[in-house]
Amino acid sequence: MPSYESLFIKQGNELSLVTKLEELADINRIDQKLDLGVNKNVISENIISVPFNFSLKGDFNDFMQYLKTLRQLTYNLTIQNIELKQTEDSDLQIQLLGHTYWLTDKK
């Protein structure tokens, strides 16, 4: 079982999350654009949530595999909305909206 601290991304380590998400997209043959929001919501003294919007394009099976591997990350990501549209070339255009959770240095 992961430790409490390992469930959260340490503030300042944004690059590690982006790198991991880019790896997942490459492995699963998904075109991906990432947008981490600038609005932060304080959850507790040392935890904040940051909204995200992932724009993805790929076929259905690759997208399902992407979601499966995304779920296996130790980071705490909450997907609140998934929007799927079929493109003219039969791929899917997908929007994932949700929140990431970050551990701050405040104690």
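Values for this structure:
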| item | result |
| --- | --- |
| Count of region 47-77 residues which are over 17 Å from residue 14 (Cβ atoms) and not aliphatic (A, V, I, L, M) | 14 |
| Qualifying residue in region 16-29 (condition: within 25 Å of residue 93 (Cα to Cα), assigned to a loop (DSSP other than H, G, I, E, B) and either modelled with pLDDT of 95 or more or of a type in the set (S, T, N, Q) (or both)) | yes |
| Residues that are out of contact with any Ser or Thr (no Cβ under 9 Å at 6 or more places or on another chain) and touching a residue at least 12 places away in the same chain (Cβ under 8 Å), drawn from region 39-59 | 39, 53, 54, 55, 56, 58 |
| Subset of region 30-51 (residues that are within 18 Å of residue 104 (Cα to Cα) and surrounded by 13 or more Cβ atoms within 10 Å (Cβ to Cβ)) | 36, 37, 40, 43, 46, 47, 48, 49, 50, 51 |
| Residue in region 71-104 that is nearest to residue 37 (Cα to Cα), counting only those that are modelled with pLDDT under 90 and aliphatic (A, V, I, L, M) | 77 |
| Qualifying positions in region 96-107 - over 18 Å from residue 28 (Cα atoms) and either free of Cβ contacts under 8 Å to residues at least 40 places away in the same chain or in a strand (DSSP E or B) (or both) | 97, 98, 99, 100, 101, 102, 103 |
| Which numbered condition residue 8 misses (of (1) touching a Leu at 6+ places or on another chain (Cβ under 6 Å); (2) of a type outside the set (D, E, K, R); (3) under 26 Å from residue 103 (Cβ atoms); (4) at pLDDT 90 or above) | (4) |
| Filter result (hydroxyl-bearing (Ser, Thr, Tyr), closer than 21 Å to residue 18 by Cα and assigned to a strand (DSSP E or B)) within region 39-95 | 49, 55, 78 |
| Residue 27, sole failed condition from (1) among the β-branched types (Val, Ile, Thr); (2) surrounded by fewer than 14 Cβ atoms within 10 Å (Cβ to Cβ); (3) within 21 Å of residue 81 (Cβ to Cβ) | (3) |
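The values are calculated or read from the model by the stated rules, or taken from the named source; none is laboratory data. Since the model is a prediction, treat every value here as computed from it, not as a measurement. Glycine also receives a Cβ, built like all others from the backbone with ideal geometry; neighbour counts cover every protein chain displayed.
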